[in-house]
Amino acid sequence: MNRRKFIQNLSLGSGSVLLSFSSFGQLISKEKSSKITILHTNDTHSNIDPFPINHAKYPGMGGVSRRHALIQQIRKAEEHVLLLDSGDIFQGTPYFNMFGGELEMKLMTEMGYDAATMGNHDFDIGLEGFKKAKQHAKFPFLCANYDFSDTILKGETKSYEIFQKDDLRIGIFGIGIDLNGLVSENNYLNTKFLNPVFCAERIAKELKQKGCDLVICLSHLGYEYADETKISDRKLAQQTSHIDLILGGHTHSFLEKPTIEKNKKGQNVLINQVGYAGLYLGRIDIDMKKGVFCRNLDIK
């Protein structure tokens, strides 16, 4: 069985990036070429309807029905698709106040999400409220650095999930932000926040040891901060060794092109984030023959 090292060349286009496979270590080369499409959202914040047509910045954009239609269109065109979310599913519209997160979970299930992580606002109705809403989610929540063992969420989340898509074995895990100061203590109770860099390094290494060709981190740490001591997606990439792709959230950052950071081994890590409110859908196509093509699709 031959293995192929990816070549280190980067070509950037407007609003997209074409990346050869050097960022992603080695993938198994077989007679049948592997291809996977990764779709992702973050900070959708209970935005079910499109923005008003008279909105100053995003007139008529967004909306779950349009996102669903776009996802379905891509699934019809591509054989192997993963749909992921990086947290803050809750809070932002009256839908959340009325239905307590149940509607969001049902709609994400209907759209076929494969996995999500938790953001700080997903604690806004407390652990009990989240657990109640989560029963309507037919996809796993991945939280590697939240220890829920002394709470009612024990066993409700997983550190990681492994997916097999064509010839690719893909490991996905979640990393959350420190809840102290962001969330009322009554809403997270005995949840223990574990060091995100330590947890990410440990889990990503384990996933590589389990034969994962691609390791994806669903992060709700935030893209970057002026405070150099605060951990962010960019710092997480720099301070770890085994992550290939970070799909971020929390800072509502819309990246016109994904960011490339070097990890501790000097290898490329791809970072992307798609704003907030379901206005955009991130798309990353990994093709064994052509490389990696990334673009953020507006929903309108």
Item checked: Selection from region 63-108 of residues that are surrounded by 19 or more Cβ atoms within 10 Å (Cβ to Cβ), among the polar types (S, T, N, Q) and either in contact with a helix residue (DSSP H, G or I) (Cβ under 9 Å, 6 or more places away or on another chain) or assigned to a helix (DSSP H, G or I) (or both) -> GLN91
Notebook entry, point to check: Which residues, taken from region 260-300, are modelled with pLDDT of 90 or more and among the acidic types (Asp, Glu)?
Noted result: GLU261, ASP285, ASP298
Next item on the list: Collect the residues in region 78-101 that are over 16 Å from LEU281 (Cα atoms) and among the small types (Gly, Ala, Ser), keeping them in residue-number order.
Entry: GLY92, GLY100, GLY101
Check: Scanning for something buried (at least 19 other Cβ atoms within 10 Å of the Cβ), touching a Pro at 6+ places or on another chain (Cβ under 7 Å), closer than 20 Å to LEU82 by Cβ and at pLDDT 95 or above, does region 174-193 turn up at least one residue?
Finding: yes
Next item on the list: Report whether or not LYS205 is in contact with a Ser or Thr (Cβ under 8 Å, 6 or more places away or on another chain), surrounded by fewer than 19 Cβ atoms within 10 Å (Cβ to Cβ), outside any loop (DSSP other than H, G, I, E, B) and modelled with pLDDT of 95 or more.
Entry: yes
Checklist line | Within region 232-252, considering residues that are of a type in the set (Gly, Ala, Ser) and surrounded by 21 or more Cβ atoms within 10 Å (Cβ to Cβ), the one farthest from ASN42 (Cα to Cα) | finding: ALA237
Next item on the list: Please state which of the following conditions PHE51 fails to meet, knowing it meets all the rest: (1) touching a helix residue (DSSP H, G or I) at 6+ places or on another chain (Cβ under 8 Å); (2) buried (at least 18 other Cβ atoms within 10 Å of the Cβ).
Entry: (1)
Checklist line | Counted residues, region 213-231 - those being crowded, with 20+ Cβ neighbours inside 10 Å and at pLDDT below 95 | finding: 2
Notebook entry, point to check: Listed residues THR41, THR93; which is closer than 19 Å to GLY171 by Cα, polar (S, T, N, Q) and modelled with pLDDT of 95 or more?
Noted result: THR41
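Here is a yes/no grid of residues against (1) under 19 Å from the mean Cα position of the chain (by Cα); (2) in contact (Cβ under 8 Å) with a residue 60 or more places away in the chain; (3) on the phi < 0 side of the Ramachandran plot:
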residue	(1), (2), (3)
GLU161	yes, no, yes
GLN164	yes, no, yes
LEU168	yes, yes, yes
VAL183	no, yes, yes
LEU189	no, yes, no
PRO196	yes, no, yes
ILE203	yes, no, yes
Next item on the list: Filter region 117-155 down to residues that are farther than 18 Å from GLY100 by Cα, touching a Leu at 6+ places or on another chain (Cβ under 7 Å) and among the aliphatic types (A, V, I, L, M), then give me how many there are.
Entry: 1
Item checked: region 245-300: number of residues that are outside any strand (DSSP E or B) and not aliphatic (A, V, I, L, M) -> 21
Notebook entry, point to check: Name the residues in region 256-300 that are surrounded by 19 or more Cβ atoms within 10 Å (Cβ to Cβ) and among the basic types (Lys, Arg), would you?
Noted result: ARG283, ARG295
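The values are calculated or read from the model by the stated rules, or taken from the named source; none is laboratory data. Nothing here was measured: the structure is a model prediction, and the numbers come from that model. Backbone-built Cβ (ideal geometry, glycine too); neighbour counts: all protein chains shown.
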